[in-house]
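Undergrad: Just dropping this structure here.
The values are calculated or read from the model by the stated rules, or taken from the named source; none is laboratory data. Only a predicted model underlies this, so the values are computations on that prediction, with no experimental measurement involved. Cβ placement follows ideal geometry from the backbone for every residue including glycine, while neighbour counts extend to all protein chains displayed.
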Amino acid sequence: MKPAEIKFYEASYTYRHSKFGRFSPLSPSNPCVTKDFAVLYRERIYFLNSKVEQTKFLLEPSKYTLGKEPVPLDIEQRPSASVIGLPASGKSTLASIISSKTGMVHLRPEEIIEFFINKESHFSEKLRKRIQIEGSEVDDTTLIDMLAMRTHLSDCLQRGWVLDGFP
(Lines give C-alpha, C1' and ligand atoms only; values in the text may rest on other atoms or scores of the structure.)
Protein backbone atom coordinates (compact mmCIF):
# COMPACT_ATOMS: atom_id res chain seq x y z
CA MET A 1 0.00 0.00 0.00
CA LYS A 2 1.27 3.46 -0.84
CA PRO A 3 1.54 6.03 2.00
CA ALA A 4 -0.79 8.42 0.16
CA GLU A 5 -3.55 5.76 0.09
CA ILE A 6 -3.58 5.19 3.84
CA LYS A 7 -5.78 8.17 4.70
CA PHE A 8 -8.51 6.86 2.37
CA TYR A 9 -8.41 3.42 3.92
CA GLU A 10 -8.43 4.90 7.44
CA ALA A 11 -11.46 7.03 6.57
CA SER A 12 -13.38 4.10 5.07
CA TYR A 13 -15.83 2.02 7.03
CA THR A 14 -14.45 -1.21 5.63
CA TYR A 15 -10.85 -1.03 6.82
CA ARG A 16 -9.78 -0.39 10.40
CA HIS A 17 -6.49 -0.26 12.24
CA SER A 18 -5.30 -3.61 13.48
CA LYS A 19 -5.55 -4.60 17.13
CA PHE A 20 -1.95 -3.37 17.44
CA GLY A 21 -2.92 0.21 16.56
CA ARG A 22 0.20 2.19 15.59
CA PHE A 23 2.46 -0.59 16.91
CA SER A 24 4.09 -3.16 14.68
CA PRO A 25 3.02 -6.79 15.25
CA LEU A 26 6.67 -7.79 14.78
CA SER A 27 7.96 -5.41 17.45
CA PRO A 28 4.90 -4.47 19.55
CA SER A 29 6.86 -2.45 22.10
CA ASN A 30 7.84 0.26 19.59
CA PRO A 31 5.21 2.57 18.07
CA CYS A 32 5.66 3.18 14.36
CA VAL A 33 6.82 6.66 13.46
CA THR A 34 5.99 6.35 9.77
CA LYS A 35 3.12 5.02 7.68
CA ASP A 36 5.42 4.21 4.76
CA PHE A 37 5.34 0.46 5.39
CA ALA A 38 1.63 -0.10 6.04
CA VAL A 39 0.00 -3.35 4.92
CA LEU A 40 -3.65 -4.33 4.39
CA TYR A 41 -4.53 -7.78 5.66
CA ARG A 42 -8.09 -9.03 6.22
CA GLU A 43 -9.70 -5.56 6.38
CA ARG A 44 -7.09 -4.38 8.87
CA ILE A 45 -4.27 -1.89 8.43
CA TYR A 46 -0.98 -2.99 9.97
CA PHE A 47 1.80 -0.47 10.47
CA LEU A 48 5.33 -1.84 10.24
CA ASN A 49 8.62 -0.14 11.09
CA SER A 50 10.74 -0.99 8.05
CA LYS A 51 10.83 -2.63 4.64
CA VAL A 52 12.38 -5.73 6.27
CA GLU A 53 9.46 -6.02 8.72
CA GLN A 54 7.00 -5.45 5.90
CA THR A 55 8.54 -8.29 3.87
CA LYS A 56 8.57 -10.67 6.86
CA PHE A 57 4.94 -9.82 7.62
CA LEU A 58 3.79 -10.35 4.03
CA LEU A 59 5.45 -13.78 3.87
CA GLU A 60 3.54 -15.13 6.91
CA PRO A 61 0.90 -12.65 8.14
CA SER A 62 -1.00 -15.16 10.25
CA LYS A 63 2.17 -15.93 12.21
CA TYR A 64 2.18 -12.35 13.50
CA THR A 65 -1.57 -11.82 13.93
CA LEU A 66 -3.18 -15.01 15.21
CA GLY A 67 -2.92 -15.60 18.94
CA LYS A 68 -0.80 -12.52 19.53
CA GLU A 69 -1.80 -10.04 22.18
CA PRO A 70 -1.73 -6.37 21.24
CA VAL A 71 -0.08 -3.68 23.30
CA PRO A 72 -2.76 -2.14 25.55
CA LEU A 73 -3.03 1.46 24.41
CA ASP A 74 -5.18 2.70 27.28
CA ILE A 75 -2.85 1.71 30.12
CA GLU A 76 0.02 3.89 31.19
CA GLN A 77 2.83 1.86 32.65
CA ARG A 78 4.13 3.19 35.95
CA PRO A 79 6.41 0.69 37.58
CA SER A 80 6.24 0.34 41.33
CA ALA A 81 8.12 -1.94 43.69
CA SER A 82 8.51 -2.47 47.39
CA VAL A 83 11.67 -4.03 48.79
CA ILE A 84 10.96 -5.93 52.01
CA GLY A 85 13.14 -8.05 54.22
CA LEU A 86 14.79 -8.43 57.59
CA PRO A 87 16.73 -5.56 59.17
CA ALA A 88 20.21 -5.07 57.70
CA SER A 89 19.50 -7.52 54.88
CA GLY A 90 20.40 -5.08 52.07
CA LYS A 91 16.97 -3.61 51.30
CA SER A 92 18.28 -0.05 50.92
CA THR A 93 21.16 -1.18 48.73
CA LEU A 94 18.84 -3.17 46.48
CA ALA A 95 16.33 -0.31 46.27
CA SER A 96 19.17 2.10 45.34
CA ILE A 97 20.34 -0.24 42.59
CA ILE A 98 16.80 -0.62 41.23
CA SER A 99 16.33 3.14 41.34
CA SER A 100 19.60 3.90 39.57
CA LYS A 101 19.12 1.29 36.83
CA THR A 102 15.46 2.03 36.08
CA GLY A 103 15.11 5.72 36.94
CA MET A 104 12.38 4.99 39.48
CA VAL A 105 12.04 7.33 42.46
CA HIS A 106 13.57 5.82 45.61
CA LEU A 107 11.13 6.37 48.51
CA ARG A 108 12.02 5.93 52.18
CA PRO A 109 9.52 6.51 55.02
CA GLU A 110 11.91 8.89 56.82
CA GLU A 111 12.31 11.05 53.73
CA ILE A 112 8.56 11.06 53.10
CA ILE A 113 7.93 12.30 56.65
CA GLU A 114 10.60 15.02 56.25
CA PHE A 115 9.12 16.00 52.88
CA PHE A 116 5.69 16.59 54.42
CA ILE A 117 7.08 18.33 57.53
CA ASN A 118 8.90 20.86 55.35
CA LYS A 119 5.89 21.64 53.12
CA GLU A 120 3.65 24.61 53.77
CA SER A 121 0.15 23.24 54.29
CA HIS A 122 -2.40 22.70 57.04
CA PHE A 123 -1.58 18.98 57.13
CA SER A 124 2.15 19.72 57.45
CA GLU A 125 1.55 22.22 60.22
CA LYS A 126 -0.39 19.63 62.24
CA LEU A 127 2.31 17.04 61.52
CA ARG A 128 5.11 19.41 62.65
CA LYS A 129 3.23 20.18 65.85
CA ARG A 130 2.70 16.50 66.63
CA ILE A 131 6.27 15.39 65.85
CA GLN A 132 8.51 18.34 66.72
CA ILE A 133 6.61 19.95 69.59
CA GLU A 134 4.79 17.04 71.23
CA GLY A 135 7.52 14.52 70.39
CA SER A 136 5.10 11.80 69.34
CA GLU A 137 5.75 9.38 66.48
CA VAL A 138 3.83 9.22 63.23
CA ASP A 139 1.05 6.65 63.46
CA ASP A 140 0.67 4.00 60.77
CA THR A 141 -2.47 5.49 59.23
CA THR A 142 -0.85 8.89 58.79
CA LEU A 143 2.28 7.31 57.29
CA ILE A 144 0.16 5.34 54.81
CA ASP A 145 -1.72 8.53 53.86
CA MET A 146 1.57 10.36 53.33
CA LEU A 147 2.91 7.48 51.25
CA ALA A 148 -0.23 7.53 49.09
CA MET A 149 0.06 11.29 48.61
CA ARG A 150 3.77 11.03 47.77
CA THR A 151 3.25 8.32 45.15
CA HIS A 152 0.69 10.54 43.41
CA LEU A 153 3.15 13.40 42.85
CA SER A 154 4.35 14.00 39.30
CA ASP A 155 7.82 12.45 39.61
CA CYS A 156 6.42 9.14 40.88
CA LEU A 157 3.63 9.15 38.30
CA GLN A 158 6.06 9.70 35.43
CA ARG A 159 8.99 7.51 36.48
CA GLY A 160 7.46 5.01 38.91
CA TRP A 161 8.76 4.36 42.42
CA VAL A 162 10.54 1.83 44.60
CA LEU A 163 9.73 1.79 48.33
CA ASP A 164 12.30 0.77 50.88
CA GLY A 165 11.93 0.30 54.64
CA PHE A 166 8.16 -0.04 54.88
CA PRO A 167 6.57 -1.47 56.98
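Undergrad: Conditions: (1) out of contact with any strand residue (DSSP E or B) (no Cβ under 9 Å at 6 or more places or on another chain); (2) modelled with pLDDT of 80 or more; (3) in a loop (DSSP other than H, G, I, E, B). V52 meets all but one. Number of the miss?
TA: (3)
Undergrad: Does the range 126-149 contain any residue that is more than 28 Å from the chain's Cα centre (by Cα), exposed (fewer than 13 other Cβ atoms within 10 Å of the Cβ) and among the β-branched types (V, I, T)?
TA: The answer is yes, given that some residue of the range 126-149 is more than 28 Å from the chain's Cα centre (by Cα), exposed (fewer than 13 other Cβ atoms within 10 Å of the Cβ) and among the β-branched types (V, I, T).
Undergrad: When both residues are 6+ apart or on different chains and their Cβ atoms are under 6 Å apart, which pairs have a first residue that lies in the range 71-91 and is at positive phi, and a second that is loosely packed, with under 13 Cβ neighbours inside 10 Å and modelled with pLDDT of 60 or more?
TA: none
Undergrad: Return the residue satisfying two criteria in turn: it lies in the range 97-107 and is surrounded by 15 or more Cβ atoms within 10 Å (Cβ to Cβ) and without any contact (Cβ under 8 Å) to a residue 60 or more places away in the chain, and of such residues it is farthest from M149 (Cα to Cα).
TA: So, considering only residues that are surrounded by 15 or more Cβ atoms within 10 Å (Cβ to Cβ) and without any contact (Cβ under 8 Å) to a residue 60 or more places away in the chain, the one farthest from M149 (Cα to Cα) is M104.
Undergrad: Kindly provide the set of residues from the range 150-162 that are surrounded by 15 or more Cβ atoms within 10 Å (Cβ to Cβ) and either more than 33 Å from the chain's Cα centre (by Cα) or closer than 15 Å to R108 by Cβ (or both), ordered by number.
TA: Hits for the range 150-162 are R150, T151, C156, W161, V162.
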